[in-house]
1. State whether the residues of region A:176-188 include one that is crowded, with 23+ Cβ neighbours inside 10 Å, closer than 27 Å to residue B:71 by Cα and in contact with a Leu (Cβ under 6 Å, 6 or more places away or on another chain).
2. Could you please find all residues in region B:72-119 being closer than 21 Å to residue B:214 by Cα, modelled with pLDDT of 85 or more and not aromatic (Phe, Trp, Tyr)?
3. Touching a residue at least 40 places away in the same chain (Cβ under 8 Å), under 22 Å from residue B:176 (Cα atoms) and away from chain A (no Cβ under 14 Å): does that describe residue B:64?
4. So, in region A:95-131, of the ones that are surrounded by 16 or more Cβ atoms within 10 Å (Cβ to Cβ) and without any contact (Cβ under 8 Å) to a residue 40 or more places away in the chain, which residue ends up nearest to the other protein chains (Cβ to nearest Cβ)?
5. Consider region B:132-162. How many of its residues are surrounded by fewer than 24 Cβ atoms within 10 Å (Cβ to Cβ) and touching a Pro at 6+ places or on another chain (Cβ under 8 Å)?
6. crowded, with 22+ Cβ neighbours inside 10 Å, in contact with a Phe, Trp or Tyr (Cβ under 8 Å, 6 or more places away or on another chain), away from chain A (no Cβ under 14 Å) and more than 22 Å from residue A:171 (Cα to Cα): is that true of residue B:252 in this structure?
7. Given the condition touching an Asp or Glu at 6+ places or on another chain (Cβ under 7 Å), in a loop (DSSP other than H, G, I, E, B) and within 14 Å of chain B (Cβ to nearest Cβ), answer yes or no: does some residue in region A:205-219 qualify?
8. Tell me whether region A:176-191 contains one or more residues that are at negative phi, in a strand (DSSP E or B) and not assigned by TED's automatic domain parsing to the domain that holds residue A:70.
There are 2 protein chains.
Amino acid sequence: MLALIAGQGALPTRVAARCGRWPLVAALDGFPPDELLPEITFRLETLGTLLQSLAKAGVTEVCFAGAIHRPTMDPNLIDQATAPLMPKILEALRDGDDGALAIVIRVFEAAGFSVRAPSEFVGDFLLAGGDHGKVAADASALRDIARARDVLAALSPLDVGQGCVVAQGQVVAIEAVAGTDWMLHSLQNPSPRVPKGGVLVKAPKAGQDLRADMPAIGPDTLATAFKAGLQGIAFAAHQVMVLDPDDAIAQANSAGLFLHGMDPLS
Amino acid sequence: MLALIAGQGALPTRVAARCGRWPLVAALDGFPPDELLPEITFRLETLGTLLQSLAKAGVTEVCFAGAIHRPTMDPNLIDQATAPLMPKILEALRDGDDGALAIVIRVFEAAGFSVRAPSEFVGDFLLAGGDHGKVAADASALRDIARARDVLAALSPLDVGQGCVVAQGQVVAIEAVAGTDWMLHSLQNPSPRVPKGGVLVKAPKAGQDLRADMPAIGPDTLATAFKAGLQGIAFAAHQVMVLDPDDAIAQANSAGLFLHGMDPLS
């Protein structure tokens, strides 16, 4: 049986609906899924007990879907089954996002579970290269996309940055720990130095384990990009989840935004 | 005679007061110096005429001091003396900040002026390595400083980023076209994902021409860093202007911030 470790956003629901038999849904305490009701809520301090409960329930495979942010930990709550995992968990909490998720994946694998990518269930969310929808990225937008891609590629080895905004050749914003939506919100009240227009580029880091935290583009991303006055969104072809593609393309069309698949960083 | 091409902030006044004979002060239209009254106000469209006027006035040396942001251009205002310079000016406007300033410096040099660094006049603004003031950067802050330095070093070849904020190992913000103060302001209303505390690290890019746009730390930087809840500020030793060092150290002390000189990127 599959356990879905559900984070926030609409992705967990889509995955649950596509995996044949309904999965066992587990969620991290304090980060309830937007639409699913979890059967199990766990804390990092009791992760060892979660692993045991999943195994007892007949779970052999797990899938991480949706955004899970760095939780806080209370050392007093760590239980006996979790104590041996603490060195790994603390290492993960100190690390960048990808580092952290890679460690969590290894903890699940070491406990005997196989970890499946959400994209195995919603492969149609991964769009190909080129323009989707009615608006095409023009020559100036393609130059901005290339510059943003260079910035993401330079930061990639440092486990920083899944998004970057470039306008008229100028780097306007680089995504940090606060995420894409926060970055775009901050552009709604820009410095007078920020050129108008621009593109948002999203890509996983080079070598990132795509079984967890694949970057996603959803209705909020499109709406916030539109409010920030951008011309469009580019994403690494086949490496970014677009939820749900038909709706996203329709939304981009009506907002006059392009939606462009570019070469992945790796 | 020296012409001071005065941008914004307090640096031009400090340079003017230290260069022996009072300089001829020139400023870009729309970017009046905060404290000096310019004798000449010029536009990019009439830069060629400025160069001629400076030469006629007996100017042989120029010094760029203070922040000058990317001005807009009206093609109808370009005069005859400036037309031949337009390819260079347009190249500069398309480029990153350092690229742009390097081109402007070359234009002045090609017209026969020698370009002097502000630091030649206010060398005492360049602080050495280590802690200045009462508060020392602790081990955790030194780790955050090293991570921010890595981010700036990775972006440096792309002519992006003179500043970065890291807190508890997480990259919180990376300076883009809007500048340091805007980046720090945006942290006053942070995402819940942003860890508390953190350090601001400022450094010129590797290989940056330090005759123009050397990064600066002034009273506003310290005040905004304090409001953003940071623990301190680190800067590339001997490569960042601290205005005025005694006041800055006193301000850091009273705010409980450290002020730490680190190894430059190059």
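The values are calculated or read from the model by the stated rules, or taken from the named source; none is laboratory data. Note that the structure is a prediction, hence the values are computed from the model and not measured. Note: ideal-geometry Cβ built from the backbone for every residue, glycine included; neighbour counts use all protein chains shown.
1. No, the conditions are met nowhere in region A:176-188.
2. Correct list: B:105, B:106, B:107, B:109, B:114, B:115, B:116, B:117, B:118, B:119.
3. On the way: touching a residue at least 40 places away in the same chain (Cβ under 8 Å): yes; under 22 Å from residue B:176 (Cα atoms): yes; away from chain A (no Cβ under 14 Å): yes.
So residue B:64 fits the description; yes.
4. The qualifying residue nearest to the other protein chains (Cβ to nearest Cβ) is A:100.
5. 2
6. Yes: the conditions hold for residue B:252.
7. Scanning region A:205-219 turns up at least one residue that is touching an Asp or Glu at 6+ places or on another chain (Cβ under 7 Å), in a loop (DSSP other than H, G, I, E, B) and within 14 Å of chain B (Cβ to nearest Cβ).
8. Here is the first cut: in region A:176-191, the residues at negative phi are A:176-178, A:180-191.
In the following step, the residues that additionally are in a strand (DSSP E or B) were identified as none.
Checked region A:176-191: no residue is at negative phi, in a strand (DSSP E or B) and not assigned by TED's automatic domain parsing to the domain that holds residue A:70.
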